[in-house]
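This report concerns only the one structure given below.
The values are calculated or read from the model by the stated rules, or taken from the named source; none is laboratory data. Owing to the predicted nature of the structure, the values given are computational and were not obtained by experimental measurement. Here the Cβ is made from the backbone with ideal geometry for all residues, glycine too, and neighbour counts use every protein chain on show. These accessible areas exclude ligands, DNA and RNA; they are computed on the full protein's heavy atoms, side chains included. Shrake-Rupley method; radii C 1.70, N 1.55, O 1.52, S 1.80 Å.
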Amino acid sequence: MNRISAPADAPAPGAWEELVTAALLGTERRTPPGAAPGREAPVALLDAAAVETVRRRAGLRPGRAARQPEPAAEDPRPPLPAAAARRLAMLLADRPGTGGGGRRGTAPDLMELLPQWLAAANSRGFAAPPEMLPALLDAARGRTDLRPAALAFAGPRALWLARLNPDWRFALRATPGGGAALPPSEDTGKIQQLWQEGLFAERVALLAAIRAREPAAARELLATTWSTERAEDRLMFLDSLRMGLTAADEPFLEQALSDRSRNVRSTAAELLSALPGSALAARMAVRAGACVAVDHTGAAPTLAVEAPHECDASMERDGVVPKPPAGRGERSWWLGQLVEATPLTTWSGRLGGRTPREIVALPVADDWQGELHAAWCRAAVRQRDAEWARALLGAPAAPEAGGPGAVSLAERAKLLGTLGSAERAEWVAGFISAHGLSEAFQLLGVCAVPWAAPLGRAVVDALNIARDAGSYPWSFSGVMGLAERCLDPSEASRLNGLLAVPDEPEDASPGAGGYWAEAFQRLMTTLRLRAAMAEELGAA
């Protein structure tokens, strides 16, 4: 006490830094300033630090009060119904369990239902309760898949909060232009000024907004500065032309084929190949047509393939990448790119007037079938050609592991994306009925939610068959998780008969029946919870 009450001399310059250094290194290695080495050095260090702390605090000068932020913009959307607001609070308060293993118990995973809840709330045009915005932004911060729906639901107040809290800055990055307001379409002067002087994110947002309402005006705006833009910026701007792509964009894209950046050239070629009537598509059709023909010399018609022997300058200009990735041969790499960029409508005339299904059924000589069919798959996805997609998918019950044309389940999933939701669900239901659930996970992921009745029945029946086989349900945890989120809640009544613990066959895994009953109980509870969520959001 006497030491502290004594008058203190003015501190030497850097005294605080010296004390911090002595504390970090230890008093045995660094003697505190003004103290003698020995056993009393630690006490002297603490005393000196206490005095210096008081001195530093007492010497602080009050700073100017921070300027109050402008009020957040009003959200004109209607508020959530009270029951739905309480449900949202429950979903946001839930945290994933920390236990390991495959057993999850019977309680629904509320965080996995949050994306579906947000989608439903956004479809009904509700505004987020202001008091829940911090928890909503925290949830979106931890899960990037939540961000688009969460920020749409949070509305303008989320951007206001994000400017005040660095932890939520992702909301500004995820919003075109960083949340800045774009000039109205009729104010051409401000549009030109923002395009010439704005930040990159603002310019991208401006171009996308104009492209959505006036595609030609956006393309003309881009052309005014195209030659002076950086290569990486040209690539991003060019990508914006995917929205509303038409034949009117072809002259601009043809010029981009001569760009000094290879990535820009490739993107321009990809966009042109999505226009079946473009000159590039016609050039690719001539090249690919010279590589594939029907051979009638054998007992049955066969597709003969003669892949390109070189990648010339004109092919490179049209987007063909000359160097293949590791493990791929040059000629097959070039062939795949030519076929992928060729309009699928040209093959019928080239191959004797055959339909897509008849073309896909033809045998292909010299082991070229995989490469040729894979390129047709990519072309069907790029050109959104449902007829070719059906031909390449084949019948869902076909014994081929990858179908007549698809080389993998991933390719099949992409082809299914070109079909309507009802046809897609019907095809996947047929696949599950024929092959079970072991390979169906990727295919289920492209089906519309909630699953159509035939697909839902097929999934439940396949899960029942898996249960009767006596294995543990953890092998099907991915499908079970999808079912909890995607199965129509009306299917809950069909699960009543699956809740009891079945008699286990002799070769069954020990306790598997009890685990299955638990899994089905969780599924039914989740479906009923989803039904309640929908009812709450639909309330007036």
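Each row is one residue, and each column tells you yes or no for (1) under 24 Å from the mean Cα position of the chain (by Cα); (2) aromatic (Phe, Trp, Tyr); (3) more than 29 Å from residue 92 (Cβ to Cβ).
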residue	(1), (2), (3)
150	yes, no, no
161	no, no, no
173	yes, no, no
201	yes, no, no
208	yes, no, yes
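State yes or no: is residue 515 in contact with a Ser or Thr (Cβ under 7 Å, 6 or more places away or on another chain) and more than 24 Å from residue 421 (Cα to Cα)? Against the criterion (in contact with a Ser or Thr (Cβ under 7 Å, 6 or more places away or on another chain) and more than 24 Å from residue 421 (Cα to Cα)), residue 515 does not qualify. Looking only at the stretch 431-460, residues that are open to solvent by less than 20 Å² (accessible area, probe 1.4 Å) and in a helix (DSSP H, G or I) come to 9 in all. Only one of the listed residues (484, 518) is open to solvent by 30 Å² or more (accessible area, probe 1.4 Å) and either more than 32 Å from the chain's Cα centre (by Cα) or modelled with pLDDT of 85 or more (or both). That residue is 518. Restricting attention to the stretch 53-96, the residues that are modelled with pLDDT under 85 and buried (at least 16 other Cβ atoms within 10 Å of the Cβ) add up to 1.
If you filter the stretch 411-422 down to residues that are in a helix (DSSP H, G or I) and in contact with a helix residue (DSSP H, G or I) (Cβ under 8 Å, 6 or more places away or on another chain), you find that the one that is nearest to residue 384 (Cα to Cα) is 415.
Among the residues of the stretch 321-341, those identified as within 15 Å of residue 291 (Cβ to Cβ) and either surrounded by fewer than 16 Cβ atoms within 10 Å (Cβ to Cβ) or touching a Pro at 6+ places or on another chain (Cβ under 9 Å) (or both) are 329, 330, 331, 332, 333, 334, 335, 338.
The sole residue among 218, 135 that is more than 20 Å from residue 238 (Cα to Cα) and either free of Cβ contacts under 8 Å to residues at least 12 places away in the same chain or touching a helix residue (DSSP H, G or I) at 6+ places or on another chain (Cβ under 6 Å) (or both) is 135.
Can you tell me which residue is most open to solvent (accessible area, probe 1.4 Å) among those in the stretch 116-132 that are in contact (Cβ under 8 Å) with a residue 40 or more places away in the chain and under 22 Å from the mean Cα position of the chain (by Cα)? Break it down stepwise before answering.
Step one: filter the stretch 116-132 for residues in contact (Cβ under 8 Å) with a residue 40 or more places away in the chain, giving 116-117, 120-121, 124-129, 132.
Then keep just the ones that are under 22 Å from the mean Cα position of the chain (by Cα); that gives 116-117, 120-121.
Numbers: 116: 53, 117: 1, 120: 26, 121: 0 Å².
Step by step, filter the stretch 116-132, then rank; the result is 116.
Of all residues in the stretch 494-504, exactly one satisfies the criterion of being open to solvent by 70 Å² or more (accessible area, probe 1.4 Å), part of a helix (DSSP H, G or I) and farther than 15 Å from residue 458 by Cα, namely 496. Within the stretch 263-292, if we keep just the residues that are touching a helix residue (DSSP H, G or I) at 6+ places or on another chain (Cβ under 7 Å), open to solvent by 10 Å² or more (accessible area, probe 1.4 Å) and of a type in the set (S, T, N, Q), the residue that is farthest from residue 380 (Cα to Cα) turns out to be 263.
So that you can scan it fast, the table gives a plain yes or no per residue for (1) open to solvent by 100 Å² or more (accessible area, probe 1.4 Å); (2) part of a helix (DSSP H, G or I); (3) at pLDDT 85 or above:
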residue	(1), (2), (3)
7	yes, no, no
18	no, yes, yes
21	no, yes, yes
35	no, no, no
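Applying the set (1) at pLDDT 95 or above; (2) more than 13 Å from residue 380 (Cα to Cα); (3) in a loop (DSSP other than H, G, I, E, B) to residue 343 leaves exactly one unmet item: (2).
Figure legend. Inter-residue proximity from the stretch 70-81: first residues farther than 15 Å from residue 133 by Cα, second residues open to solvent by 70 Å² or more (accessible area, probe 1.4 Å), beta-carbon distance below 9 Å, spacing 6+ or different chains. Indicated pairs: 70/160; 71/160; 78/124; 81/540.
Can you spot a residue in the stretch 293-312 that is more than 17 Å from residue 364 (Cα to Cα), surrounded by fewer than 15 Cβ atoms within 10 Å (Cβ to Cβ) and small (Gly, Ala, Ser)? Scanning the stretch 293-312 turns up no residue that is more than 17 Å from residue 364 (Cα to Cα), surrounded by fewer than 15 Cβ atoms within 10 Å (Cβ to Cβ) and small (Gly, Ala, Ser). The lone criterion from (1) among the polar types (S, T, N, Q); (2) under 26 Å from residue 295 (Cα atoms); (3) in contact with a helix residue (DSSP H, G or I) (Cβ under 9 Å, 6 or more places away or on another chain) left unmet by residue 369 is number (3). When the helices (runs of 4 or more DSSP H) confined to the stretch 170-265 are screened for residues that are at pLDDT 90 or above and of a type in the set (Gly, Ala, Ser), those reaching at least 3 such residues are found at 215-225. For the stretch 202-213, the tally of residues that are within 21 Å of residue 259 (Cβ to Cβ) and open to solvent by 40 Å² or more (accessible area, probe 1.4 Å) stands at 1. In the stretch 370-384 there is at least one residue matching the filter, namely being farther than 18 Å from residue 408 by Cβ and open to solvent by 30 Å² or more (accessible area, probe 1.4 Å).
Okay, residues lined up against (1) modelled with pLDDT of 95 or more; (2) touching a helix residue (DSSP H, G or I) at 6+ places or on another chain (Cβ under 6 Å); (3) part of a loop (DSSP other than H, G, I, E, B); (4) of a type in the set (Val, Ile, Thr):
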| position | (1), (2), (3), (4) |
| --- | --- |
| 303 | yes, no, no, no |
| 316 | no, no, no, no |
| 328 | no, no, yes, no |
| 331 | yes, no, no, no |
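Checking the stated criteria, residue 358 turns out not to satisfy the condition of being open to solvent by 30 Å² or more (accessible area, probe 1.4 Å), touching a Ser or Thr at 6+ places or on another chain (Cβ under 8 Å) and assigned to a helix (DSSP H, G or I).
Scanning the stretch 454-481 for residues that are free of Cβ contacts under 8 Å to residues at least 60 places away in the same chain and within 27 Å of the chain's Cα centre (by Cα) yields 455, 456, 459, 475, 476, 478, 479, 480. Within the stretch 214-259, being among the acidic types (Asp, Glu) and surrounded by fewer than 13 Cβ atoms within 10 Å (Cβ to Cβ) holds for 220, 232.
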